[in-house]
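One structure is given here, and the rest of the page talks about it.
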Amino acid sequence: MIVVWTLTKGRSPLEKKSFKDMLVGKTVTVDSRVNVFQSLHGKALVARMIDLQALKNIKIILNDICPGQGRVQYLGGLDVMVLFDDAETAIAVREAAKSVVGKFSMISIWEGQTMDFERLAWLKVQGIPLHLLSNEVIDAVGGVLGKVVHKANRSEKDHDLSFEYVGVLVGDGKRVSEEVVLNWKDRNFGCG
């Protein structure tokens, strides 16, 4: 048995686990009272941008709504947190942002709610046969691995036709390294 120690008063053992238990099912139990960023509750907005272009332009969008106010923090994926000095400003900006068309898919006051983890992954798609190398096919490959947020922009004038990048949203931190099979006229082509 391995004894797991905790750094509490007296440095006594917390619990005993076998080596196998330590390797299988890696889990951390977090105290239910943990709630970080409490000082921001009510004074910050959490927002999901509608697309990658809106995400890149969040500071410009914010400046149009409330010039000189708000500090943007990136949360991952298409999500941002916007911090304000007081709750009144946060509420006013949220209401103003609701009228901005085509920029936000969600915007709410931060009260400590759980946010799903997402991240942007830039996939290097390669291995698609030349006769199938269209932006639609590249985007379809990306769509199998995540939600496409930046579409392929392949042109027959490009010098290197061996790969193309596509941006997708994925829900974990793992490296995306999968093969996708393209089926065309009863033939299969592996790409990824």
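Could you tell me the ratio Rg/Rh of the chain? Both radii from Cα atoms, Rh via Kirkwood.
Working: Rg = 23.0 Å, Rh = 20.6 Å.
Here the Rg-to-Rh quotient is 1.12.
Think of each Lys and Arg Cβ as +1 and each Asp and Glu Cβ as -1; about the Cα centre, that makes the dipole of the chain roughly 640 debye.
Spin-label model, Cys66 to Ser32: label points 7 Å out along the Cα-to-beta-carbon direction sit 3.4 nm apart. Here the mean projected area of the convex hull built on the C-alpha positions of segment 119-191 is 4.7 nm². Within the listed set Val28, Val166, Val100, the residue fluctuating most in the Gaussian network model of the chain (springs between alpha-carbon atoms under 10 angstrom) is Val28.
Using the rule -39500 (n - 2.57) for each DSSP H run of four or more residues, divided by the residues of the chain, the 222 nm mean residue ellipticity is -6000 deg cm²/dmol.
Could you tell me the convex hull volume per residue, in Å³, taken over the Cα atoms of segment 38-109? Before the final figure, lay out each step's value.
Details: hull volume 5.3 nm³, N = 72.
Dividing the Cα hull volume of segment 38-109 by its residues yields 74 Å³.
Largest GNM mean-square fluctuation across Met115, Met49, Met106, computed for the chain with C-alpha springs under 10 Å, falls on Met115.
Rule-based calculations on the coordinates, nothing more; no lab input. Nothing here was measured: the structure is a model prediction, and the numbers come from that model. Ideal geometry is used to build each Cβ from the backbone, glycine not excepted, and the neighbour counts take in all protein chains shown.
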